[in-house]
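Bear in mind these aren't lab numbers, they're just calculated from the coordinates by the rules spelled out. Being a predicted model, the structure only gives us computed values, none of them experimental. Cβ sites come from the backbone with ideal geometry, for glycine too, and all protein chains shown count toward neighbours.
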Amino acid sequence: CSSDLKAPPKNSTNSIGMKFVWIPPGNFVMGSPKEEKERRDRETQHKVTLTKGFYMGVYAVTQEEWQAVMGNNPSRFKLKGEKNHPVEQVSWKDCQEFIKKLRNKDKKPYRLPTEAEWEYSCRAGTKTPFWFGDTISTDQANYDGNYTYGNGKKGKYREKTTPVGSFPANAWGLHDMHGNVFQWCQDWYGDYPKKDVVDPQGAEKGEYRVLRGGSWLNDPGLCRSAYRRRDEPGRRLNTFGFRLCFCLD
């Protein structure tokens, strides 16, 4: 990873056309304040410093990208005539296989983001429940619009994934950080620390891996920047996808 003051190029595209954007080092408050609606006890606020910048995937990994690397498509939502839907029904372990093959192909140190890197990237400098503010609408993300959050209004329930990039990007150029598919993180799931931390890597061991962001199936409270999900690393659901990141050597 790079901690140089001189920022590397803002954008990067790999051999199969995956786009990445540079996320600068910095600090933020991870978790949610006690007054945030629908917050969970496991979202204890703590200050995190990330000393190194990294490249984060602009989009979740698509079915076409998965097919190009793995030679198959495990997704439930193979929609005829529609391209660039996120790959889903992939486990944390499946993601590691994809990463291994893409690393060999591109000779770049691809990996899943840490939970802290994910939330830092999602928030893009914001402190509200969602990067676009205190509430959410189905014009901003793909989730179950039968449910509302805060002062929000009911909207569409699409009952399926939408092509990546269908909704506006956050201030750092990342699409679909809320909704569409849950995104696996590298970390073992564990309780948050009570004090300030630098470059956290999650629990040393555990039974579950972390997922973030909510999905097409979920109500909006589960799409909040701070919401944490955990599941077994071998579990495959049609709400589970991922995005990649990598550091500079």
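Here segment 1-148 was treated as a single set of alpha-carbon atoms; its pair distances binned every 10 Å from 0 give 9, 31, 35, 22, 3 percent.
Around ASP199, what is the net charge, scoring Lys/Arg as +1 and Asp/Glu as -1 over all other residues with Cβ under 11 Å from its Cβ? Walk me through the intermediate numbers first.
Values: positive: LYS52; negative: GLU117.
Once positives and negatives cancel, what remains is 0.
Ordering 96-102, 48-54, 70-76 by mean Cβ neighbour count within 10 Å, with the highest value first, yields 48-54, 96-102, 70-76. Restricting attention to segment 109-249, the count of lysine pairs at 8 or more positions apart or across chains with alpha carbons under 27 Å apart stands at 7. Per-residue 3J(HN,Hα) values for segment 101-116, derived from phi via the Karplus relation 6.51 cos²θ - 1.76 cosθ + 1.60 with θ = phi - 60°, read 5, 5, 4, 5, 6, 9, 6, 10, x, 4, 6, 7, x, 5, 4, 5 Hz in sequence order (x marks Gly and Pro).
When the dipole is taken about the Cα centre of segment 169-249, and only Lys, Arg (+1) and Asp, Glu (-1) are charged at their Cβ, what size is it in debye, to the nearest 20? Each step should come with its number before you reach the end.
Numbers: 12 positive and 11 negative charges, 44 e Å.
With only Lys, Arg, Asp and Glu charged at Cβ, the dipole is about 220 debye.
Candidate values (1) 18.0; (2) 18.6; (3) 19.3 were compared with Kirkwood radius over Cα pairs in Å computed on the shown model; the agreeing label is (1). First select every other residue whose beta carbon is under 14 angstrom from the beta carbon of GLY150; then total the charges, Lys and Arg +1, Asp and Glu -1. Overall, the nearby charge balance is 0.
Rounded to the nearest 0.05, what FRET efficiency do ASP191 and ALA171 give with R0 = 35 Å and r taken as the Cβ-Cβ distance? Could you check?
On the way: r = 30 Å, r/R0 = 0.85.
My answer for the efficiency is 0.75.
In this simple spin-label model, placing a label point 7 Å from the Cα along the Cα-to-Cβ direction at both THR51 and ALA203 gives a separation of 2.6 nm. For segment 7-50, lysine pairs separated by 8 or more sequence positions, or belonging to different chains, with Cα-Cα distances below 27 Å total 4.
What does the helix-only formula give at 222 nm for the chain: each DSSP H stretch with n ≥ 4 adding -39500 (n - 2.57), the total divided by the residues, and the result rounded to the nearest 500 deg cm²/dmol? Write down the numbers at each step before the final one.
Working: 3 runs with 32 residues, N = 249.
-4000 deg cm²/dmol, from helical runs alone.
If r is the Cβ-Cβ distance from ASN27 to GLN96 and R0 is 30 Å, what FRET efficiency results, to the nearest 0.05? Here the calculated transfer efficiency is 0.55.
Spin-label pair ARG76-ARG42: with each label point 7 Å from Cα along the Cα-Cβ axis, the two points sit 2.1 nm from one another.
Farthest toward the positive end of the dipole of segment 136-221, out of VAL164, THR148, TRP184, is the Cα of THR148, where the dipole comes from beta carbon charges about the Cα centre.
So what's the net charge close to ILE16: Lys and Arg +1, Asp and Glu -1, counting the other residues with Cβ under 12 Å from its Cβ? It works out to a net charge of +1.
The H on the amide N of ILE23, modeled in the peptide plane, is under 5 Å from the matching H of PHE54, TYR55, MET56, each at least 5 residues off or on a different chain.
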